[in-house]
């Protein structure tokens, strides 16, 4: 327990065998009460490695998608009594050593949600491997999402996030997409409900083993995100 609050890290995993152990090794173990990994029917032994590491493991019998994976993660974390839920990809793209800062800001009541922002400078992002098309699409979509919602976030598309349990309990996330756009929908509901959002800068780490969607899926994600951002402006559904 950290300040009488149970902290659970959830990891939506798919073919993360090469990076999982390294990710777990860098976590601040004295802070975390439980690590939950949901394996979205990996083909590389992710499930066996997770069990060997002593994680709480749930495996989908078929590949259901990134959004569906997170839904299972959050269901398990809430049913296991989490007060603070930290979502971290197991591909070592985000630095696990920073988990303590995410937890502390929420535990101390400063924020309801914390996002890990990879966008500090263009030079850093590109030099550390972020593809140019991802960087510029990230910048465009983030600018538009801020404009339409009145926020001033540096990045809307991060895969490292922390939530106070009340946030997840208030959002009907089971009704959201099963694909990558789930993250954008979640954040729109969080903004619409007026929760306090904070950001922590995290290093940019793109490398061969780190998961990343291809150009075709990135275009689909971008178009869906654009639609969601516009629907926030012209619909009340995210504000209920």
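Looking only at residues that are part of a helix (DSSP H, G or I) and modelled with pLDDT under 80 in the range 223-239, which one is surrounded by the most Cβ atoms within 10 Å (Cβ to Cβ)? Steps first, answer last, please.
Start the filter on the range 223-239 by keeping residues that are part of a helix (DSSP H, G or I), which leaves 223-234, 237-239.
Those left that are additionally modelled with pLDDT under 80: 232-234, 237-239.
Details: 232: 22, 233: 11, 234: 7, 237: 10, 238: 19, 239: 12.
Restricting to residues being part of a helix (DSSP H, G or I) and modelled with pLDDT under 80, the top hit is 232.
Taking the range 5-19 as the search range and keeping residues that are in contact (Cβ under 8 Å) with a residue 40 or more places away in the chain and part of a loop (DSSP other than H, G, I, E, B), which one is nearest to residue 162 (Cα to Cα)? First the steps, then the outcome.
Taking the range 5-19 first, the residues in contact (Cβ under 8 Å) with a residue 40 or more places away in the chain are 5-16, 18-19.
The next check asks that each one be part of a loop (DSSP other than H, G, I, E, B); those that pass are 6, 14-16, 18-19.
Values: 6: 13, 14: 20, 15: 23, 16: 21, 18: 24, 19: 21 Å.
Here the answer is 6.
Kindly provide the set of residues from the range 164-175 that are over 14 Å from residue 87 (Cβ atoms) and either touching a strand residue (DSSP E or B) at 6+ places or on another chain (Cβ under 8 Å) or surrounded by 15 or more Cβ atoms within 10 Å (Cβ to Cβ) (or both), ordered by number. So that I can check it myself, show each step before the final result.
So the first thing to find is which residues in the range 164-175 are over 14 Å from residue 87 (Cβ atoms), and the list is 166, 169-170, 172, 174-175.
Answer for the range 164-175, where residues must be over 14 Å from residue 87 (Cβ atoms) and either touching a strand residue (DSSP E or B) at 6+ places or on another chain (Cβ under 8 Å) or surrounded by 15 or more Cβ atoms within 10 Å (Cβ to Cβ) (or both): there is none.
What residue, among those in the range 77-97 that are buried (at least 20 other Cβ atoms within 10 Å of the Cβ) and assigned to a helix (DSSP H, G or I), is farthest from the chain's Cα centre (by Cα)? Write out each step before concluding.
First pass over the range 77-97, keeping only residues buried (at least 20 other Cβ atoms within 10 Å of the Cβ): 77, 82-94, 96.
Those still in the list that are assigned to a helix (DSSP H, G or I) too: 77, 96.
Working: 77: 14, 96: 13 Å.
By that ranking, first place goes to 77.
For residues that are within 12 Å of residue 158 (Cβ to Cβ) and out of contact with any helix residue (DSSP H, G or I) (no Cβ under 9 Å at 6 or more places or on another chain), scanning just the range 99-117, find the one that is surrounded by the fewest Cβ atoms within 10 Å (Cβ to Cβ).
The initial filter retains those residues of the range 99-117 that are within 12 Å of residue 158 (Cβ to Cβ), namely 102, 113-117.
Subsequent filtering for residues that are out of contact with any helix residue (DSSP H, G or I) (no Cβ under 9 Å at 6 or more places or on another chain) retains 102, 117.
Details: 102: 28, 117: 19.
So the residue we want is 117.
Assuming residue 195 fulfils every condition listed in (1) part of a loop (DSSP other than H, G, I, E, B); (2) farther than 21 Å from residue 238 by Cα; (3) in contact with a helix residue (DSSP H, G or I) (Cβ under 6 Å, 6 or more places away or on another chain); (4) modelled with pLDDT of 95 or more apart from one, which condition is it?
Residue 195 satisfies every listed condition except (2).
The values are calculated or read from the model by the stated rules, or taken from the named source; none is laboratory data. What you are looking at is a predicted structure, and each value in this text was computed from that prediction instead of being measured. Please note: Cβ atoms are built from the backbone with ideal geometry, for glycine as well, and neighbour counts cover all protein chains shown.
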